[in-house]
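The values are calculated or read from the model by the stated rules, or taken from the named source; none is laboratory data. Source: prediction; values computed, not measured. Don't worry about glycine lacking a Cβ; one is built from the backbone with ideal geometry, like all the others, and counts go over all protein chains shown.
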Amino acid sequence: MKLYCATGNAGKLREFRLTAENHALDLDALPGYGGLPVCEENGSTFEENAVLKARHYGPHAPGLLFADDSGLEVDALGGAPGVRSARYAGPGSTDEANNRLLLENLRGVRNRAARFVCVLALVEGARLLGTFRGEVEGRILEETRGRGGFGYDPLFYCPELAATFGEASEDRKLAVSHRGRALRAMLRHLVK
């Protein structure tokens, strides 16, 4: 089966492809993605943004396409950074700037419980076929550990791995990650 993914994030695409390979699925980036008008992510939930992106890019795909919205929710920050995870420190912010702001906002906070959330929206053309959610619980450390992954991975300690996502190998991370869980849920739906 061939699937297309609407993302310009190389880290996300790499993780989706690794999970797809383990399920004998052919997954590729949407051809010409970079030349298409950017979808405005103005939803208030991960689900809304994933559906907006999938419906925006779906008509440009030669087959089934999925788009994701994902991010980090921190309990002590009322769920922030949430849907603004990639631009937490402002438009065009870097992973380092986002991590720095997160640590500043959690300075002196004891409850560091957090979760990564990923929602995938699957479309054929602009027709929504379903949404699929994956979550993983953990906590935010007081300093980064590990050089792997991207985004908040070096700060996110996952008890299931006894390591941060930045310390874990990609295979170990994908076995428990929000993206891996959401993609496996979508694949189960497709093979019904």
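Values as computed for the structure displayed
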item: Single match in Ser177, Ser169 (criterion: surrounded by 16 or more Cβ atoms within 10 Å (Cβ to Cβ), touching a residue at least 12 places away in the same chain (Cβ under 8 Å) and within 25 Å of Glu96 (Cβ to Cβ)); result: Ser177
item: Residue, nearest to the chain's Cα centre (by Cα), within the range 15-27, restricted to residues that are of a type in the set (Asp, Glu) and part of a helix (DSSP H, G or I); result: Glu15
item: Candidates Val51, Val74 - the one that is touching a strand residue (DSSP E or B) at 6+ places or on another chain (Cβ under 9 Å), of a type in the set (Val, Ile, Thr), farther than 20 Å from Ala185 by Cβ and at pLDDT 95 or above; result: Val74
item: Every residue from the range 28-46 that is part of a helix (DSSP H, G or I) and surrounded by 18 or more Cβ atoms within 10 Å (Cβ to Cβ); result: Phe46
item: Residue match in the range 126-139 (condition: farther than 23 Å from Glu96 by Cβ and modelled with pLDDT under 95); result: yes
item: Residue count for the range 150-166, restricted to those that are closer than 21 Å to Arg17 by Cα and surrounded by fewer than 16 Cβ atoms within 10 Å (Cβ to Cβ); result: 1
item: Sole residue being surrounded by fewer than 16 Cβ atoms within 10 Å (Cβ to Cβ), of a type outside the set (A, V, I, L, M) and in contact with a helix residue (DSSP H, G or I) (Cβ under 9 Å, 6 or more places away or on another chain), chosen from Arg115, Arg110; result: Arg110
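Conditions (1) surrounded by fewer than 16 Cβ atoms within 10 Å (Cβ to Cβ); (2) hydrophobic (A, V, I, L, M, F, W, C); (3) part of a strand (DSSP E or B); (4) without any contact (Cβ under 8 Å) to a residue 60 or more places away in the chain, marked per residue:
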| site | (1), (2), (3), (4) |
| --- | --- |
| Glu73 | no, no, yes, yes |
| Val83 | no, yes, no, yes |
| Asn98 | no, no, no, yes |
| Glu104 | yes, no, no, yes |
| Leu120 | no, yes, yes, no |
| Val123 | no, yes, yes, no |
| Phe132 | no, yes, yes, yes |
| Val136 | no, yes, yes, yes |
| Thr144 | no, no, no, yes |
